[in-house]
1. Given label points at 7 Å from Cα along Cα→Cβ, what nm distances, shortest first, separate A:Glu186 from the same residue in every other copy?
2. Please arrange B:Thr112, A:Thr46, B:Thr89 by how many other C-beta atoms lie within 10 Å of their C-beta, fewest to most.
3. Run the quick spin-label model on A:Gln101 and A:Leu309: label points 7 Å from Cα toward the beta carbon, then report their separation in nm to one decimal.
4. Can you list residues whose amide H is under 5 Å from A:Phe275's amide H, if they're 5+ apart or on another chain and H is modeled 1.01 Å from N?
5. Give the order of A:Ile242, B:Ile29 when sorted by the count of other beta carbons within 10 angstrom, beginning with the fewest.
6. Please work out the ratio of the alpha-carbon Rg of the range A:105-184 to 2.2 N^0.38 Å and round it to two decimals.
7. Excluding residues on the same chain fewer than 8 positions from A:Lys226, give the aspartates and glutamates whose Cα lies under 20 Å from its Cα.
8. How far, in nm, would the chain grow between B:Thr88 and B:Phe142 when pulled straight, counting 0.36 nm per residue and subtracting the alpha carbon separation?
2 protein chains.
Amino acid sequence: MNNDIKDTVMIGAGPAALTAAVYTTREDIDTTLYEKLTIGGLAAITDKVDNYPGFPDGIEGLTLADQLQKQAERFGAKIEFGDVTVLTTDGDVKVLTVDGQPVRARTVLIATGSDYKKLGIPGEAEYYGRGVHYCATCDGAFYRDKRLVVVGGGNSALQETIFLTRFASHIDLLVRSTIKASEVLEHDLQPYIDSGKVTVHLGVTTDEITAQADQTMVVKATQDTKPVTFETDGIFVFIGLIPNTQFLAGSGIELDQVGLVNTNEHLETNLPGVFAAGDVRHGATMQIASAVGEGATAALAIREYLDELKRQ
Amino acid sequence: MNNDIKDTVMIGAGPAALTAAVYTTREDIDTTLYEKLTIGGLAAITDKVDNYPGFPDGIEGLTLADQLQKQAERFGAKIEFGDVTVLTTDGDVKVLTVDGQPVRARTVLIATGSDYKKLGIPGEAEYYGRGVHYCATCDGAFYRDKRLVVVGGGNSALQETIFLTRFASHIDLLVRSTIKASEVLEHDLQPYIDSGKVTVHLGVTTDEITAQADQTMVVKATQDTKPVTFETDGIFVFIGLIPNTQFLAGSGIELDQVGLVNTNEHLETNLPGVFAAGDVRHGATMQIASAVGEGATAALAIREYLDELKRQ
């Protein structure tokens with residue numbers, strides 16, 4: 001067992017953690033990031049990022065992720081692949097289990113993000129970011145005067161459908177069973193249905209996403225056991241969000257009802273020395289700009305916590 | 001009098017407002033920014049920005065400001081020069097006085113930032129960002145193993161001096177009269193004084209900043225009526241912050257004790273429809289990354305507020 005205690009460990013290596021690492025390492029705080037899957041997080045698998053400030057013509061998600069990584073590494077951040085499965089404490093020290101091995105740290109930043117729930121159908125992964133989307137704020141504006149298909153029937157599906165009406169020429173809303181959203185949202189959607197801008201299709205199971213040679217997307221689906229198809233320019237899927245916080249079960253860290261981490265204004269959780277930033281945090285906007293801002297704020301709080309420790 | 005009511009008006013055109021404008025205009029929300037002085041705010045007058053995420057080798061402040069402006073304008077933001085002197089309300093409508101003329105808006109983003117208090121001595125402006133600094137988190141790391149002069153004697157001066165010891169080889173702390181800081185901070189500073197890393201000079205008035213041909217900076221000062229000089233590599237001035245909120249006097253908007261705007265977790269002030277983001281907000285970190293994050297978050301809250309208005 002390694003008895004060394006690291007100054008700070010960050011779980012995840014998306015924009016929030018990479019930004020925090022730029023700040024901590026630039027101040028000579030020894031910093032290790034553990035990433036399970038993709039350095040750069042959701043940003044890395046986004047085709048084009050149009051609204052991250054500083055890039056007037058947009059930037060490829062992978063390029064941005066790469067630049068964030070380079071910047072953190074330039075100041076000395078150690079980025080390792082590793083799966084964190086347990087977070088517990090030993091007095092003031094936080095103890096993580098990383099790939100089965102214990103890692104001890106004075107401070108921890110939880111920045112594991114959230115994932116969009118997927119339909120799990122053929123073509124969905126293939127056209128991700130190039131026709132298939134999960135974030136209307138991020139990608140809606142690419143579909144000015146275009147046709148869209150929205151999949152989902154809950155609050156977020158209705159809310160984002162209403163939002164997308166400001167761009168799309170027409171929206172087919174595919175609902176698996178019936179609409180399960182608040183009355184307010186149903187009421188707000190009604191005028192768009194009345195005007196013909198939105199067409200609601202109930203009892204529709206989506207089966208496959210394909211693209212034609214002219215880049216028109218086709219959603220193959222089943223309605224009342226009959227096959228149906230929808231031609232469209234893009235598909236937005238809003239069937240839920242999965243915060244990556246399963247590993248916090250038993251940690252004593254307070255989550256909200258959907259599993260996002262609760263924090264105070266310094267982005268500290270209920271466990272002193274453990275912070276959270278980005279899409280995993282309650283209040284997250286699923287925006288790179290916000291994640292980056294929270295990463296910087298969390299890093300300053302981590303520095304302050306470590307300084308406080310030294311004084312004791 | 002112009003009776004048109006704008007959807008959203010942003011006061012200031014620094015990173016927070018420019019980011020918010022990228023978001024609102026990208027969603028076709030009519031957006032006007034009024035800037036009194038410098039588009040890009042403090043970022044625009046920063047020599048090199050090393051810790052704004054996405055630029056691994058750093059970026060010139062002016063270049064970053066320019067790119068933020070281009071990005072906001074690309075989506076249709078209107079950036080105008082204008083001095084906002086009054087913010088008041090007429091029912092739900094917010095009424096600004098801009099260069100003496102009334103401007104009406106449904107929502108307002110206060111993003112006027114804060115300014116660092118200046119010494120007001122010769123050479124200070126000339127070497128700003130190239131030897132003279134006001135933010136240790138931003139620029140401290142440029143002074144690894146270098147000599148520094150710190151000017152100030154309050155809490156922030158002591159706190160930042162302690163922080164800068166992690167980079168500097170030696171720090172001369174110039175205090176105008178005596179140290180006026182918390183006992184905790186005085187206690188924390190003591191070991192650095194004992195070890196000779198920090199030398200405190202009391203009763204020192206700084207008079208002028210110059211540079212020698214070899215780039216060594218020289219601080220000319222007066223101590224007990226006698227002229228003294230300090231050779232150094234850089235000067236950090238920590239004598240206070242001035243939030244740009246004087247124009248909010250009489251607006252009813254709640255400020256904290258130093259004049260920063262209080263907001264809730266959606267960055268909304270106590271006046272519905274009026275939001276604040278960036279360095280003008282209570283809790284501000286004086287970091288571009290944080291300002292940008294708050295700009296995005298505020299824009300989403302503005303959208304939601306406007307959608308709510310439409311429903312009524």
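1. So the distances to the same position in the other copies read 6.8 nm.
2. On the way: B:Thr112 30, A:Thr46 25, B:Thr89 15.
With the sparsest Cβ surroundings first, the list reads B:Thr89, A:Thr46, B:Thr112.
3. If labels sit at A:Gln101 and A:Leu309, their model points lie 2.0 nm apart.
4. A:Val108, A:Leu109, A:Ile110, A:Thr269
5. Values: A:Ile242 14, B:Ile29 23.
Ascending number of Cβ neighbours within 10 Å: A:Ile242, B:Ile29.
6. Details: Rg = 15.4 Å, N = 80, 2.2 N^0.38 = 11.6 Å.
Normalised Cα radius of gyration, the range A:105-184: 1.33.
7. A:Asp172, A:Asp207, A:Glu208
8. Length difference between fully extended and current span is 15.1 nm.
None of the figures in this text is laboratory data; all of them are computed from the coordinates on show. As the structure is a prediction and not an experimental result, all values here were calculated from the model. Cβ coordinates were reconstructed from backbone atoms using ideal geometry, including for glycine residues, and neighbour counts include every protein chain displayed.
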